[in-house]
Amino acid sequence: MHSVENNDTRHFHRIHFAGEAILSCEEQTWRCAIIDLSLKGCLLRFESPWEEDPEKLYTLTLQLSEDTQIKMELSATHVVDNKAGFKCEHIDLDSISELRRLVELNLGSSALLERDLLALSE
């Protein structure tokens, strides 16, 4: 019997999040669906193949409620057809607090969240 080594080197837990968001850059906006979310980025699905400039910074706005939102500045890391992965380049204090709470609720473990926060500070 062969042992299988786990080569997953991610430092952040991804949570599956079925939600709509808005991605914007300069004067353009795109509606997108969030596939998964972490403290360090996200995977988004668009209605058509993503063919935008990977060198630009984009702003993701996720409206959680009427008066609560998460806003992150992102850079594209990979694209496959209509799905694109993004890395968080900047997030404000209010947004990181909301994102942290969302991740903690979905992970169900404060220990896993603490590990993610430690990786974020490195």
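Identify all residues within the stretch 27-50 that are outside any strand (DSSP E or B) and free of Cβ contacts under 8 Å to residues at least 24 places away in the same chain; write none if there are none.
So in the stretch 27-50, the residues outside any strand (DSSP E or B) come out as 27, 39-40, 46-50.
GLU27 - this is the single residue of the stretch 27-50 that is outside any strand (DSSP E or B) and free of Cβ contacts under 8 Å to residues at least 24 places away in the same chain.
Look at GLU89 and say whether it is modelled with pLDDT under 95 and out of contact with any Cys (no Cβ under 7 Å at 6 or more places or on another chain). Outline the logic, then answer.
Numbers: modelled with pLDDT under 95: no; out of contact with any Cys (no Cβ under 7 Å at 6 or more places or on another chain): yes.
In short, no.
Just to check your reading of the model, which residue among LEU64, LEU60, LEU74 is among the hydrophobic types (A, V, I, L, M, F, W, C), farther than 16 Å from SER24 by Cβ and either assigned to a loop (DSSP other than H, G, I, E, B) or in contact (Cβ under 8 Å) with a residue 24 or more places away in the chain (or both)?
Only one candidate passes the filter, namely LEU64.
Looking at the stretch 77-99, which of the residues that are in a loop (DSSP other than H, G, I, E, B) and not polar (S, T, N, Q) is surrounded by the fewest Cβ atoms within 10 Å (Cβ to Cβ)? I'd like the intermediate steps shown before the answer.
Step one: filter the stretch 77-99 for residues in a loop (DSSP other than H, G, I, E, B), giving 81-82, 92.
Those still in the list that are not polar (S, T, N, Q) too: 81, 92.
Details: ASP81: 10, ASP92: 12.
So the residue we want is ASP81.
For ASP53, state whether it is at pLDDT 65 or above and acidic (Asp, Glu).
On the way: at pLDDT 65 or above: yes; acidic (Asp, Glu): yes.
Spelling it out, ASP53 is indeed at pLDDT 65 or above and acidic (Asp, Glu).
The values are calculated or read from the model by the stated rules, or taken from the named source; none is laboratory data. Since this is a predicted model, take the numbers as computed values, not measurements. Please note: Cβ atoms are built from the backbone with ideal geometry, for glycine as well, and neighbour counts cover all protein chains shown.
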